[in-house]
Amino acid sequence: MYLYITINENDMKFLDLVKERYSCRSYLEKSVEQEKLDYIMECVRLAPSAVNRQPWMFRLITKEEDKAKLQQCYHREWFQSAPMYIICSILHDEEWVRADGKHHGDIDIAIAVEHLCLAATEQGLATCWVCNFDAEKCRQLFTFAENEEPAVLIPIGYAADESKEKKRKSMNEISK
Ligand SMILES: Cc1cc2nc3c(=O)[nH]c(=O)nc-3n(C[C@H](O)[C@H](O)[C@H](O)COP(=O)(O)O)c2cc1C
């Protein structure tokens with residue numbers, strides 16, 4: 001099925017933002033302004049979630065000692081260049097579970113984290129989703145509630161690299 005869409009000026013703004021966001025793997029030393037963080041976190045706060053449970057917690061990691069601890073959880077040189085990080089956790093106590101047993105915390109956190117990344121992009125900042133980290137180590141080094149799962153790490157700052165061409169499936173491959 002082909003989708004014929006008319007792109008008006010407002011649509012383009014969001015499409016431009018979506019195109020602009022990319023996984024940044026090199027950051028400048030410049031720190032992130034508090035007003036920008038406040039704006040981004042407000043966009044996170046307003047994210048939708050199943051049954052409006054909002055089963056999430058976001059830890060803003062800015063202190064040098066905490067940054068050093070988090071860097072032990074993901075051993076990539078580029079990761080260390082970020083001026084700060086956000087640990088995004090699922091609160092399994094609070095997530096909605098469908099009657100057939102399907103948990104929705106993963107879906108909820110993904111929506112909130114993408115709000116974060118797009119809002120950061122809009123503010124001229126760069127981010128990268130990181131899920132391939134040592135979650136067990138993260139649990140040891142930081143204090144989490146028993147049913148809280150650190151699920152995503154987001155380094156955030158000003159980009160020192162540039163976006164690459166987006167490699168994506170074609171529209172025909174993803175829609176019927
Ligand atoms: C759920 C999720 C987990 C990811 N985990 C990592 C990761 O651990 N390390 C990494 O470098 N990139 C990670 N990425 C980034 C993807 O590799 C990237 O989004 C994808 O290649 C598309 O590139 P783009 O973000 O530049 O458009 C992750 C992305 C998502 C959505």
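Here, each number is a calculation from the coordinates, and none is a lab measurement. Not measured: the values here are computed from a predicted model. Reconstructed Cβ throughout: ideal geometry from the backbone, glycine too, with neighbour counts over all protein chains shown.
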Net dipole in debye of the chain [+1 Lys, Arg Cβ; -1 Asp, Glu Cβ; about Cα centre; nearest 20]: 520 debye
Separation between the GLU65 and SER26 pseudo-spin-labels, each 7 Å from Cα along Cα→Cβ, expressed in nm? 3.3 nm
Ascending count of other beta-carbon atoms within 10 Å, so fewest first, for ARG168, ARG76: ARG168, ARG76
Tell me, THR121, THR143, THR127, THR62 in order of fewest to most beta-carbon neighbours within 10 Å? THR143, THR62, THR121, THR127
Any helix of the chain counts here only if DSSP assigns it H throughout, its Cα atoms span 24 Å or more along the axis, and its mean Kyte-Doolittle hydropathy is at least 0.5, and such helices are 105-122
Under the rule rounded for a/c under 1.5, else prolate if a/b exceeds b/c, else oblate, using alpha carbon gyration tensor axes a ≥ b ≥ c, region 22-160 is classed as oblate
Extend 7 Å from the Cα of LYS164 along its Cα-to-C-beta direction; within region 106-131, residues with backbone N under 20 Å of that point are 126-131
Just from its helices, what would the mean residue ellipticity at 222 nm be for the chain, if runs of 4 or more DSSP H residues each count -39500 (n - 2.57) and the sum is divided by every residue, rounded to the nearest 500 deg cm²/dmol? -10000 deg cm²/dmol
Given a cut-off of under 8 Å on Cα pairs at least six residues apart, what relative contact order in percent is computed for the chain? 35 percent
Filtered GluC sites (Glu not before Pro), region 68-160: DSSP coil and at most 10 other beta carbons within 10 Å: GLU77, GLU146
Is region 73-148 best put as rounded, prolate or oblate by its Cα gyration tensor, with a ≥ b ≥ c the root eigenvalues, rounded for a/c under 1.5, and otherwise prolate when a/b is larger than b/c, oblate when not? oblate
Exposure proxy check: VAL113, VAL32 ranked by fewest other beta carbons within 10 Å? VAL32, VAL113
